[in-house]
Number of protein chains: 2
Amino acid sequence: MLSQVQEAPGAGLDAFFQARGIAVIGASDDVTKIGGRPVQLLLKYGYAGAIYPINPKAGTLQGLQAYASVVDTPTAPDLAIVAVPAQATLQAVRDCAQRGVRGVVVLSTGFAEAGPEGAELQAELVRTARHHGMRLMGPNCLGVVSVPDRIVGTFSIALEQSIPPAGEVGIVSQSGNIGSFTLRNMADRGLGVSRFIATGNEADVDVADGIAALAEDPGTRIILCCMETCRHAGRLTAALEQARRRNKPVIVLKIGATEQGQAAAASHTGALTGSDAVFDAVLRRHGALRVRSFEELLDIGHAAALLAAQRLPSTDAVTLVAASGGFGIMMADAMVEAGMTLPQLSETTKALIREAVPTAGTNNPVDASAQMSARPDILLKMLTALQDDASGSTLVLMLALSLSNPRLRGVYLEALAKIRASHPDRLLVIISQGPADAVAEINALGIPVFRSIPAAATGLAGLVKLGRLASLPAAQPWRGEAGTIDPLVFRNEFHAKKALAAAGIDVPREEVVESVEAAVRAARETGYPVVLKIASEDIAHKTEVGGVALDLRDDTAVREAFARIMASARQHAPQARIDGVLVAPMVRGGVELIAGISRDPVFGSVVMVGFGGIHAEILKDVAVQVAPVSEDEAQRMIRGLRMFPLLDGARGTPRADVAAAARTVALLSEFACRHAAQVAEIDMNPILVKPQGQGVLVLDALMVPAARNTPAP
Amino acid sequence: MLSQVQEAPGAGLDAFFQARGIAVIGASDDVTKIGGRPVQLLLKYGYAGAIYPINPKAGTLQGLQAYASVVDTPTAPDLAIVAVPAQATLQAVRDCAQRGVRGVVVLSTGFAEAGPEGAELQAELVRTARHHGMRLMGPNCLGVVSVPDRIVGTFSIALEQSIPPAGEVGIVSQSGNIGSFTLRNMADRGLGVSRFIATGNEADVDVADGIAALAEDPGTRIILCCMETCRHAGRLTAALEQARRRNKPVIVLKIGATEQGQAAAASHTGALTGSDAVFDAVLRRHGALRVRSFEELLDIGHAAALLAAQRLPSTDAVTLVAASGGFGIMMADAMVEAGMTLPQLSETTKALIREAVPTAGTNNPVDASAQMSARPDILLKMLTALQDDASGSTLVLMLALSLSNPRLRGVYLEALAKIRASHPDRLLVIISQGPADAVAEINALGIPVFRSIPAAATGLAGLVKLGRLASLPAAQPWRGEAGTIDPLVFRNEFHAKKALAAAGIDVPREEVVESVEAAVRAARETGYPVVLKIASEDIAHKTEVGGVALDLRDDTAVREAFARIMASARQHAPQARIDGVLVAPMVRGGVELIAGISRDPVFGSVVMVGFGGIHAEILKDVAVQVAPVSEDEAQRMIRGLRMFPLLDGARGTPRADVAAAARTVALLSEFACRHAAQVAEIDMNPILVKPQGQGVLVLDALMVPAARNTPAP
């Protein structure tokens, strides 16, 4: 890895956000050029510090005194925006270092994204910057904006017409275009923005820096993040935990969810993407809400900004109200599909609603009929009854075309302002397509407005999740000591299971024997019935070489089976080194799980748990998380499986020992962390989960050694 | 059922759409009243025929001559809009009949939706109308609009500001509000509307009438339909087939998909909703595209209207183009998740793209970089290469913020107009948030514009489906003769299976015996190993009473088992009438399916097929369709199951005889239709599906008799 960053995420980023003096290296009079745009925008939006255009010709540029080099500027700028061709960037960065610049944004392209030569140049830039204690953003990036400070270190067309109002939404994005699109959309919705960071190639400053800087910024209350990949897992998770500590919701649009999307991401960023499922698990664990589309990012981001962390819904209960039965049905469908619940209203509430609106249907969804909007006082009376209802649910009011009608618009706005004043802590959201100025008025009351029923359903479900994620305990990275392990574990299942047993995992009593008589002795000690399996590091698929005998019930059967297995193995796998035959008890009943460890290129050791067998294989019914996981986390993983009812007493079967299964997964994950330098992969298949209180047994296990020099996770 | 309608769907609806003369009964001078609005709107939008306001006071109303009764009008109006209180409607309808009116829209409320008294009044309205050969729309409805004819028989606020342009989109909705919302949104998107029908209580005219009338209307090219329930399955499917024959795509927003939504629908419409899964299957079978949200209805409806049936995409292949890698990744994710495929471009195409845009990444998604929009000729060159590409895929171009930039807008509009002219038959869609006038310009070229990446993905997938549905052969209703069946089939599995075998379904050789010796004889004839099962109509769960013995390998085992089963059954179920013991071969191997018949309150006999066992039960992995199904349909049902890979050679297992399984399901469905009067439910569980070419065996079956007087499906 290129960047062996020492700093904590976010360190030194004040050079970008609180710069006293900005140099634009490669400045131009032509405002369509990337070196012309930042000068123009700094002037246009009223940056208060010194602006130094740097251009070999010096003279005057866009009305400002220009300098041939940054070393010539009358004061030392904190920040330099570099917009010269790639070959000239190294000299520019050296000049910056000489002049005492603290932060450099390299907008130029032609670096790692362009090939090995560019990558080398990029590495040299970073070395230079680090050597002089400078932070470097980019290259190949859209740079930085601090709205309150009017710092515009970007050439994004999102700022061409106007700068958004200063506000509480912070944006950090790898892709400049997606970041710009987010900024523009937030501004179009009338939302204020605090800071914008587009990290591009992330040679030094990365998304984690951005999240951490926004977490520490008193002006930012909510963080929107777009990412394609992660180059430093530990920095990302540390930054997410920092945001959680500061009580700032983080919403992440992580793109590249499908194989095709990941292939595109790999070719776009040149970085390994890792498993999307692992990314998902990591974000959830560290308190960030992952969204699936740009629209969700904007909708949930907008609503979360209006509600702030203090007012996120604490329940998935919603009370739905529309003037039409049809819309009520559509809302009920969408909300239930998004995982929300529809509690019934109390009899008191129902009576109060009927008092206000005699024609109303008072089930949830409430069919309030057109009568509800006949007069503001009628509407207010109904809304008051609903907001006073004991269920404490979020009230969702569908307005369809109403706000386009001047009379109805007046009714709604009057009643909404009053209900917000009387019930400031109760949650209320609106569904309406507009018009935009009516939506803005409602937003100004602190009431989120979703454009459509599906957006409201996804949005509310997201807000509920965001609230829950914030309250989870912070996840801890592995801090145990590395252990060493006997390489015998890679040889056969017997040794693999012995090592797991030493780590506290339950395995059957087993023995590897080399003779018929030893097999009979071992079988008697184990207790009949038993199974015999060939023990060889060279034979992965034992059944295929006739290497397994099940349900052996007496000495004779064991003798026959031992001879048959050895002969068959020698015949079918003449080259195999054979350690002998494993004698184990024949175990039946219970439900079969599988668990394992694999190595993710981004996040390191990952633990997986799922159901065994062909059904689960077809359905890919597995859960993953970065190791180690606690027993609680492992329980949540198991309980989140689609087939979980199989462990939970489906169709009259006894409930399985889920706690023991979770303990086994947690122990496996710790084992993997302890031995990460030596063990790359572990498979436990099957794990027999017995009825509650009776534990589990790992019936088979396999370990794969790490390639030499594999770094610890 | 109330309405025993004789007419084919759509018959007589010209009275509504081509009315020469309209009476408004209960007309008012007050345009905020439901009797004032139609008069106002007919005048405002320039209806060319006679308008007769009817009001007991007669005189002048909104500047028109009013009459005390419709019988007094100088000419006979074709259409009457009734807006009097419920109690007065019957007289109004009688007057209409007397005057020779042919169609009546009853806007008034207080009928079936209000309780039994209202239902009786509604029934009387229908009897009166039918007796005089009139069609009746409503009551409790938002009525009818024919845009080209300026017929406005509604008080919908969607028409308060303006009437949409006349165009090719027909709208039929049960819910007036949802219909109005659709109309308004279509108009706001600049799309023309042909006719609007809101059927309300559907005492006479129903959604099927509306679909059929739109299918026959030469001005309508696409039909948007919103429904909560269906009151006449046969009429609905006939109308859908009519639209398919006329090559008019039908897009249906069927609401009430969840239990909670259905409960709301039941309380809103007072009608049985039936199973949502069956509704889904019926719509698909009869060529209608079911959408899941209002936004999908509008988006897909809009695109389909622009493309018309002739230009719907014939492939699920898409080529994705964006100026930014990040957007490309998002598009790839969304398209793949929606079921689209991303073919690679040919080397020729790639070279041509690089010739036009040297910085472009030429994989799919194409990362065309900002260069693509530098000049119209560059963009056109690239688009030409893409549209000429041999894959024939649909081209999807992401414009993000570009259309908001005046220079870029010019570049795009020029190039898009040229590419449409040079490649009129190739498909191209745009993703852009606007501005609205730019979108309208692009739409005017016949190019669909989706607002977001997810909308484009769902929309394109919907358009592909719509094209495929149109080309499926029309589904035929059951036309076979009813059969009679020996009531013994309800007694035990032996007789149930005998009846199925007589219908051509493969069952094991079996015999019911009453003595030990007969059991041994039967076992020998069957061939060992055999199973024994208690045969009794009173014992449903045989295993629980010790009534099953498996894998009996010789005479002795059969003797023991017979005695044990009889004793155990007598002990555990002393009241049960026992027919004897069933002797059957012990069958192993193969994959287990289940199939069955149930009775849907809307659609009648429904056939189900799915996987057996606890996994499938938890996952609810079943497919349903209205009986009968053809073998082809049954194959599609089985192949659509999530666990289908189990039958298709997953993990090296032999491929199963899917054709035989499909044949069995088809035969079962025909059997159910033939015996619908006697048999309400059938369960075949399990069906053993053997390897390809070896057929299936129905190992167990159960039939439940129909309640007396159950109507045939």
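Rule-based calculations on the coordinates, nothing more; no lab input. The structure displayed is predicted, hence computed values, not measured ones. Cβ: placed from backbone, ideal geometry, glycine included. Neighbour counts: every protein chain shown.
Would you please report the Å³ per residue occupied by the convex hull of the alpha carbon atoms in region A:509-585?
Value for region A:509-585: 69 Å³ per residue.
Let me know the volume per residue of the alpha-carbon convex hull for region A:14-307, in Å³.
114
Rounded to whole Å and sorted largest first, list the principal axis extents of the Cα atoms in chain B.
Taking max minus min along each principal axis of the Cα atoms, chain B gives 98, 78, 35 Å.
Once the label point is set 7 Å along the Cα-to-beta-carbon vector, what list of distances in nm do you get between A:GLN571 and its counterparts in the other copies?
Ordered by increasing distance: 4.7 nm.
Along Cα→Cβ, 7 Å out, is where each label goes; now give me the distance between the ones at A:GLU347 and B:SER162 in nm to one decimal.
Output for this residue pair reads 5.3 nm.
Distance in nm between label sites at A:GLU117 and A:GLU631, each 7 Å beyond Cα in the beta-carbon direction?
That separation, rounded to one decimal, is 6.1 nm.
Taking R0 as 35 Å, what's the FRET efficiency between A:GLN87 and A:GLU259 from their Cβ-Cβ distance, rounded to 0.05?
0.40
Considering only the label points, 7 Å along Cα→Cβ from Cα, what distances in nm to one decimal separate B:ALA68 from the same position in each other copy, shortest first?
Copy-to-copy label distances at B:ALA68, shortest first: 10.6 nm.
From the label point of B:HIS131, set 7 Å along Cα to the beta carbon, how far off in nm is each other copy's matching point, shortest first?
Sorted ascending, the copy-to-copy spacings read 10.4 nm.
Considering only chain B, pick the residue with its Cβ nearest the axis of the rotation onto chain A, and state the distance in whole Å.
Per the Cβ-to-axis criterion, the result reads B:HIS615, 2.
Under the definition of partner shielding as Cβ atoms of other protein chains within 10 Å of a residue Cβ, what is the mean value for peptide A:332-342? Don't jump to the answer; show the numbers that get you there.
Numbers: counts 11, 14, 7, 3, 5, 5, 0, 0, 1, 1, 5.
Taking all residues of A:332-342 together, the mean is 5.
First measure r as the distance between the Cβ atoms of B:GLN692 and B:ARG639, then evaluate 1/(1 + (r/R0)^6) with R0 = 22 Å and state the FRET efficiency to the nearest 0.05.
On the way: r = 14 Å, r/R0 = 0.65.
Efficiency, from the Cβ-Cβ distance: 0.95.
For region A:473-485, in order, what is each residue's ³J(HN,Hα) by Karplus, 6.51 cos²θ - 1.76 cosθ + 1.60 with θ = phi - 60°, in whole Hz (x at glycine and Pro)?
Ordered by residue, 3J(HN,Hα) equals x, 4, 7, 9, x, 5, 10, x, 8, 5, x, 10, 9 Hz.
For a 19 Å ceiling on Cα separation, which of these pairs sit above it: A:LYS381/A:LYS418; A:LYS254/A:LYS465; B:LYS498/B:LYS533; A:LYS465/B:LYS620; A:LYS33/B:LYS350; A:LYS248/A:LYS465?
A:LYS465/B:LYS620; A:LYS33/B:LYS350
Hey, could you get me the Stokes-Einstein D for the protein assembly as shown, Kirkwood radius over alpha-carbon pairs, 25 °C and 0.890 mPa s, rounded to whole µm² s⁻¹? Walk me through the intermediate numbers first.
On the way: Rh = 36.1 Å.
In µm²/s, the coefficient rounds to 68.
Apply the Karplus parameterisation 6.51 cos²θ - 1.76 cosθ + 1.60, with θ equal to phi minus 60°, to every residue of region A:145-156 and state each ³J(HN,Hα) to the nearest whole Hz, in sequence, with x for glycine and proline.
9, 10, 5, x, 8, 6, 8, 10, x, 8, 10, 4
When we measure straight from the Cα of A:LYS690, which aspartates and glutamates land under 13 angstrom away, once same-chain ones fewer than 8 places off are left out?
A:ASP506, A:GLU592, A:ASP648, A:ASP657
Which residues among region B:620-647 fall inside the zone where the amide N is under 16 Å from a point 7 Å beyond the Cα of A:ASP648, along Cα→Cβ?
B:620
To the nearest 500 deg cm²/dmol, what mean residue ellipticity at 222 nm is calculated for chain A from DSSP H runs of n ≥ 4 alone, each contributing -39,500 (n - 2.57), summed and divided by the residues?
When only DSSP H runs of four or more count, the value is -11500 deg cm²/dmol.
Over all directions, average the projected area of the Cα convex hull of region A:591-705 and note it in nm².
6.8
Using θ = phi - 60° and the Karplus curve 6.51 cos²θ - 1.76 cosθ + 1.60, what whole-Hz ³J(HN,Hα) does each residue of region B:554-568 get, with Gly and Pro shown as x?
Taking θ as phi minus 60°, the curve returns 7, 4, 4, 4, 5, 4, 4, 5, 4, 5, 5, 5, 5, 5, 5 Hz for region B:554-568.
Less than 11 Å from a label point 7 Å out along the Cα-to-Cβ axis of A:GLU525: which backbone N atoms in region A:497-516 qualify, by residue?
Of the residues in region A:497-516, A:510-513 have backbone N under 11 Å from the label point off A:GLU525.
I want to make sure I understand the PRE zone here: with the label point 7 angstrom from the Cα of B:VAL71 toward its beta carbon, which residues in region B:20-44 have backbone N atoms less than 18 Å away?
Output list for this probe position: B:23-26.
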